Amino acid sequence: MSYFLPHLPSGWHVDQAILNEDDRVVVIRFGHDWDTTCMKMDEVLYGIAEKVKNFAVIYLVDITEVPDFTQMYELYDDCTVMFFFRNKHIMVDLGTGNNNKINWALEDKQELIDIITLVFQGARKGRGLVVSPRDYSTKYKY
């Protein structure tokens, strides 16, 4: 599904996408198009793109082609989703300890819509950190 979503081919394009969007949340998936985790995430992102187009815009970045942000954002996972609003990185407390990004593939489209909506509402109020409606920590899986 990654070929349906817009790709950002350079660091300049990533910067411009973040800088030039004033009214919507910029959702960027960093990873590889050939990675299975990214394929799952891309499918979910493509499925929600039309539903969230009024308050979010979704881009994909291949970290092999654009290695500029690998060290800055610590993009060492297979698939990473980050949120930006008005040139500011919005962190999400998912209960995992890493508030900077989502580094696994969400399977449920509604969960991702809820997270993006929460990020949008919190960012509009000036918050840099929002708390997820669901706790994704592993303590409940045992």
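Derivation of every value follows stated rules applied to the coordinates shown; laboratory data play no part. Please read these numbers as outputs of a predicted model, since none were measured by experiment. Quick reminder, even Gly has a Cβ in these numbers, built from the backbone with ideal geometry, and neighbours come from all protein chains shown.
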Among all the aspartates and glutamates, which ones have a C-alpha under 13 Å from K125's C-alpha, if same-chain residues fewer than 8 places away are not counted?
-> D23
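Mind giving me the FRET efficiency for E74 and S137? R0 is 25 Å, r the Cβ-Cβ distance, nearest 0.05 is fine.
Once rounded, the FRET efficiency stands at 0.80.
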Could you please rank M72, M39, M82, placing first whichever residue has the fewest other Cβ atoms within 10 Å of its Cβ?
-> M72, M39, M82
Within the stretch 29-112, report the GluC sites (Glu not before Pro) that DSSP leaves as loop and that have at most 14 other Cβ atoms within 10 Å.
-> E50, E65, E74, E107
Based on the alpha carbon coordinates of the stretch 11-131, what radius of gyration and maximum Cα-Cα distance (Dmax) apply, in Å?
-> 13.1, 37
Chymotrypsin sites (Phe, Trp or Tyr not before Pro) lying in DSSP loop within the stretch 1-46, provided at most 10 other Cβ fall within 10 Å | W34
